[in-house]
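Just below is one structure, and these are the notes that go with it.
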Amino acid sequence: MAATLFFQVLVNGLVLGGLYACIAAGFSLVWGVLNIINILHGTFVVIGSYSAYYAYIYLGVHPFISVVLAGIILFIIGYLFQRGIINRVVAAPVLITLSLTFGLDLFLNNSLLVVFSADYLKLNLANPLGVLQFAGIYVPVDRLAAMVLALFLTCLLYWVLEASRIGRAIVAVRMDREAATLMGVNAKHIYAVTFGLGALMAGSAGAMLSVIFPISPIVSTLYLSKAFVICVLGGLGSVAGAMVGGLVLGVVESFGGLIFGPEHAMTISFCLLILLLIFRPTGIMGKKGYE
Amino acid sequence: MKTKLVGLFVIVLLLLIPIISNNYVIRLATMMLMYSVFAMSWNFIGGMAGYPSFATASFFGLGAYAGALCQVNGVPMFLAWVIGGLVSAVFAWVLGLAILHLKGHYFAIASLIVAEVLREVINSATGITGGGMGLNIPVLRMGVDAQARLFYFSMFVIALVTLAVSAYVSGRPLGFGLKCIKQNEDAAGMTGINTTIYKTTAFTLSAVFTGGAGAFYASWVNYIDPEDVFEILISIKPIVMVLMCGAGALVGPVIGAGLFLFLEELVWRNFLTFHVGMLGLMVVFLVIFLPTGLLSVDYRKFLKKVVR
Amino acid sequence: MTALLQLKNVSRNFGGLAALSEVSFDVHPGEILGLIGPNGAGKTTLVNLVTGVYRPSSGQIIFEDKPINRLKSYAIARMGIARTFQVMQPFPEMTVVDNVAAGALFATGASTLEEAKELAQVHLEYVDLKKFANTPAASLTLPNRKRLELAKSLAMNPKLLLLDEVMAGINSVEIDQSLGLIKSLVEKGITILLIEHIMKVVMSVCSRVVVLHHGSLICEGQPNYVTSDPQVIKAYLGSKFAARQNRVSHEQ
């Protein structure tokens, strides 16, 4: 019995963690390459969720297909934000860049509140895929599929960074902006693409999350803070780190919720984050005082 | 000499406010003084030491709850404010020792998240704090007009003390050392500055008055809840105020607070459902176009440009 | 004679790479000890270890018979070890006099800011920078920045002064001036560890020289002895040159 419970909680955590990984991968990419903490990230996730919701209600498009749609929408939004606004302060001190993305988020999130209101929306699929049962462990297939899709997307991002032309340019700019510029890379464009890719990951994750969690502009901070925690857990600017960090956080939250009650899941992850920052800022992130 | 005259003029003006104006203006003026306490307090760690602190909400909320709980349990109001300030200060000292070794983004995030944790802790301690239901603070037995003036003058004193401490610190080795730390922390250490103690002291100074203001706030509005006093915006506002007038300057934060409150009030009145968004736009505008502060603009040049 | 500063088997690793391994040497009171080595030999790492920026992975650093390798940099500075910086000037946005005052205020404990600034003026006079006292440090030319660094370190009233590549990037006339300045410091009773990669500079002022190469101490002794050491020649000029040198000496 205890073993079944243990595995049930573990599986729940892993399913959740896959989705978290997808959220964090984009956030981590932007932080690592642009050295900007994108406070907008949570709101991007929410926009992705709304896109999927309305695509399903009005067009009947399944959220898993809307992942592409949401990704494209958010990529465009992200690209424009970076190209038009954030690029102007990209090398400025932390206080400036952080205040800027904060300001942008206040604006964007408040706009969502005005348009969609704070009321929670729930997307109920007309034909849910049912529940998978294995050795006494239950997993809703929709969730499982969302997780697999999320992990697939995260791997795709990894592949893009490793193998594609644009990905190599991003990596080059990250390592040495001056040198990359000399070799003909348009750094401003690359920054914007990077930010766009980060937003794309957020939007896609949001579309998948719409099947699982209620949708409201209010939950954006929740997603944002998870992205923070995962980045510190898994290491900065690495897709693989986001993947590991996401899965770890999912499992920790899942077990923490079991022990302390689900309403404290968030607090547990925050405490974890602060402890990590205090005791092992170098060990986990590899780089100390990265500014 | 000139600055002293201006300072004197401002003080006289502030003292005249409760005599010549109505309760609405007094409330706004009290608010402005409280904001200037936030900004001056933030300036210790953010302006002087150059650490991007987002901990104002933590200090404020903690002070508010400490003061409120004292008052609920029969401690006199003024003493409760002092206790509120001290509780925040002790908290900041311990927190500072733990997180001030972090740099840049990591410090910013750590300081930001503390407020979230505190909020959750207070939310969960329902037995003591009333949790999400909030906490009622005993109302003073006096007329509305008298109350408004009492609170105004109290805040005036708190702000004056904060200003005095800021001025004192910036002219002493502490302020000088913080300036060195801001420019190059490693070099500051090798020059003989005990950077850990200096930074932690600055962090604590930034907490003590903010905490006092929190306790004051609880008495002033008679009701607090975790969502209200640990609101993330409280951490951002002082930064915007200081940014408006250029970081590091002594009276900059005070002027910034006045300006900010004016804009906020304007936005509140005209954009009821969208005031947070407008606030956001304001921040964006400031950061992009005036990163060194409004005071740094050469107005004559600016006017010439506009006229042509 | 007891040493002022002693390094005993000091090692430092960065993520598995050994920047310094098992380095031991003494600095005697009143001498100018040269520390030379090609770029990347670990000279600056060594300075950072002595001044407490990093801690040694193993080994001991002893100053005036007290181990200092676990102390923080401010405590080491107050014990009387000062350094100059290789490239950047520490507090660029502060005025020249404030930079120097910082040294006077925090290391030697001038009791007030005013007193520190007065002391700073004296030190600026000494390095001939008084006319720039109230300009921001960032606006100084390179040679003047080096003087500022020196004045700042002197203001700390050090017993041991680590000069990290003070000659790099300045012309020969200025080098001669600096050498004069350094000699006069010794007369004031300050012991000097002179870190350089230009060998010529070191030879003329140092009483002894230690040579670092790839993080290890490869030679120690009088300047003449060190320059004729085959290992040093190999480290500096490459193995081909060393071989030729060898042949020449055999033919003689």
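If a residue has to be charged (D, E, K, R), part of a helix (DSSP H, G or I) and in contact (Cβ under 8 Å) with a residue 60 or more places away in the chain to count, how many in region C:158-182 make the cut?
Here is the first cut: in region C:158-182, the residues charged (D, E, K, R) are C:159, C:164-165, C:174, C:176.
When the remaining residues are screened for being part of a helix (DSSP H, G or I), the result is C:174, C:176.
Still in the list and also in contact (Cβ under 8 Å) with a residue 60 or more places away in the chain: none.
Residues that pass the stated criteria total 0.
Scanning region C:77-93 for residues that are within 8 Å of chain B (Cβ to nearest Cβ) and hydrophobic (A, V, I, L, M, F, W, C) turns up C:A77, C:A82, C:F85, C:M88, C:F91.
Does B:G47 fit the bill of being closer than 30 Å to B:T200 by Cβ and in contact (Cβ under 8 Å) with a residue 24 or more places away in the chain? Give the steps one after another, and end with the answer.
Details: closer than 30 Å to B:T200 by Cβ: yes; in contact (Cβ under 8 Å) with a residue 24 or more places away in the chain: yes.
In short, yes.
C:L33 meets the conditions (1) within 8 Å of chain B (Cβ to nearest Cβ); (2) closer than 22 Å to C:Y236 by Cβ in every case but one. The failed one is (1).
On inspection, C:I32 qualifies as out of contact with any Phe, Trp or Tyr (no Cβ under 9 Å at 6 or more places or on another chain), crowded, with 22+ Cβ neighbours inside 10 Å, among the aliphatic types (A, V, I, L, M) and not assigned by TED's automatic domain parsing to the domain that holds C:K146. Just one residue in the set A:L222, A:L156, A:L144, A:L149 is surrounded by fewer than 23 Cβ atoms within 10 Å (Cβ to Cβ) and touching a Cys at 6+ places or on another chain (Cβ under 9 Å); that residue is A:L149. Restricting attention to region A:113-134, does a residue exist that is touching a Pro at 6+ places or on another chain (Cβ under 6 Å) and over 24 Å from A:I57 (Cβ atoms)? Yes: one or more hits.
Looking only at residues in region A:72-87 that are of a type in the set (A, V, I, L, M) and assigned to a helix (DSSP H, G or I), which one is farthest from the other protein chains (Cβ to nearest Cβ)? Outline the logic, then answer.
Residues of region A:72-87 that are of a type in the set (A, V, I, L, M), as a first pass: A:72-74, A:76-77, A:80, A:85-86.
Narrowing further to those that are assigned to a helix (DSSP H, G or I): A:72-74, A:76-77, A:80, A:86.
On the way: A:I72: 25, A:I73: 20, A:L74: 19, A:I76: 19, A:I77: 15, A:L80: 14, A:I86: 9 Å.
It comes out as A:I72.
Tell me the residue from A:V45, A:V33, A:V11, A:V68 that is aliphatic (A, V, I, L, M), in contact with a strand residue (DSSP E or B) (Cβ under 6 Å, 6 or more places away or on another chain) and part of a helix (DSSP H, G or I), please.
Details: A:V45 fails: in contact with a strand residue (DSSP E or B) (Cβ under 6 Å, 6 or more places away or on another chain); A:V33 fails: in contact with a strand residue (DSSP E or B) (Cβ under 6 Å, 6 or more places away or on another chain); A:V68 fails: in contact with a strand residue (DSSP E or B) (Cβ under 6 Å, 6 or more places away or on another chain).
Selected residue: A:V11, the only one of A:V45, A:V33, A:V11, A:V68 that is aliphatic (A, V, I, L, M), in contact with a strand residue (DSSP E or B) (Cβ under 6 Å, 6 or more places away or on another chain) and part of a helix (DSSP H, G or I).
Taken over region A:8-38, the criterion of being touching an Asp or Glu at 6+ places or on another chain (Cβ under 8 Å) and within 14 Å of chain B (Cβ to nearest Cβ) is satisfied by A:N35 alone. When we screen C:P67, C:P92 for residues that are at pLDDT 90 or above, over 17 Å from the mean Cα position of the chain (by Cα) and not aliphatic (A, V, I, L, M), the only hit is C:P67. Residue count for region B:40-78 under the criterion of being within 14 Å of another protein chain (Cβ to nearest Cβ) and either under 17 Å from B:M244 (Cβ atoms) or out of contact with any Leu (no Cβ under 6 Å at 6 or more places or on another chain) (or both): the result is 12. Scanning region B:108-129 for residues that are free of Cβ contacts under 8 Å to residues at least 24 places away in the same chain and more than 9 Å from every other protein chain (Cβ to nearest Cβ) gives B:A125, B:T126, B:G127. On the stretch given as region B:122-146, residues that are in a helix (DSSP H, G or I) and surrounded by fewer than 17 Cβ atoms within 10 Å (Cβ to Cβ) total 9.
Show me the strands (runs of 3 or more DSSP E) entirely contained within region C:1-45 in which 3 or more residues are under 17 Å from C:Q231 (Cβ atoms) and touching a strand residue (DSSP E or B) at 6+ places or on another chain (Cβ under 9 Å). Spell out how you get there, then give the answer.
Details: elements: C:5-14, C:17-27, C:32-36.
Filter on region C:1-45 gives C:17-27, C:32-36.
Residues that are acidic (D, E) and at pLDDT 85 or above number at least 2 in the following helices (runs of 4 or more DSSP H) confined to region B:240-308: B:252-270.
Of the residues making up region B:188-203, none is within 14 Å of another protein chain (Cβ to nearest Cβ), on the phi > 0 side of the Ramachandran plot, touching a Ser or Thr at 6+ places or on another chain (Cβ under 9 Å) and surrounded by fewer than 21 Cβ atoms within 10 Å (Cβ to Cβ). Within region A:88-146, the set of residues being in a strand (DSSP E or B) and among the aliphatic types (A, V, I, L, M) comprises A:L121, A:V131, A:L132, A:I137, A:V139. Determine whether B:R149 is surrounded by 17 or more Cβ atoms within 10 Å (Cβ to Cβ), more than 20 Å from the chain's Cα centre (by Cα) and away from chain A (no Cβ under 11 Å). For B:R149, the condition - surrounded by 17 or more Cβ atoms within 10 Å (Cβ to Cβ), more than 20 Å from the chain's Cα centre (by Cα) and away from chain A (no Cβ under 11 Å) - is met.
On the given criteria, is A:G32 closer than 18 Å to A:L233 by Cβ and modelled with pLDDT under 90? Considered against the rule, which asks whether it is closer than 18 Å to A:L233 by Cβ and modelled with pLDDT under 90, A:G32 comes out as yes. If you filter region B:5-39 down to residues that are touching a helix residue (DSSP H, G or I) at 6+ places or on another chain (Cβ under 7 Å) and among the small types (G, A, S), you find that the one that is farthest from the other protein chains (Cβ to nearest Cβ) is B:A29. Number of residues in region C:49-76 that are small (G, A, S), closer than 14 Å to C:V10 by Cβ and facing chain B (nearest Cβ under 8 Å) equals 1.
Screening the candidates A:T181, A:T154 for the property of being more than 14 Å from every other protein chain (Cβ to nearest Cβ) and closer than 23 Å to A:I77 by Cβ yields one hit, A:T154. Assess whether B:A207 counts as being assigned to a helix (DSSP H, G or I), closer than 14 Å to B:G50 by Cα and more than 7 Å from every other protein chain (Cβ to nearest Cβ). Here the answer is no, as B:A207 does not meet what is asked. Being over 22 Å from the mean Cα position of the chain (by Cα) and either buried (at least 16 other Cβ atoms within 10 Å of the Cβ) or within 20 Å of B:A187 (Cα to Cα) (or both) holds for only one residue in C:A155, C:A101, C:A110, and it is C:A110.
The values are calculated or read from the model by the stated rules, or taken from the named source; none is laboratory data. The structure displayed is predicted, hence computed values, not measured ones. Every residue, glycine as well, gets a Cβ built from its backbone with ideal geometry; the counts of neighbours run over all protein chains shown.
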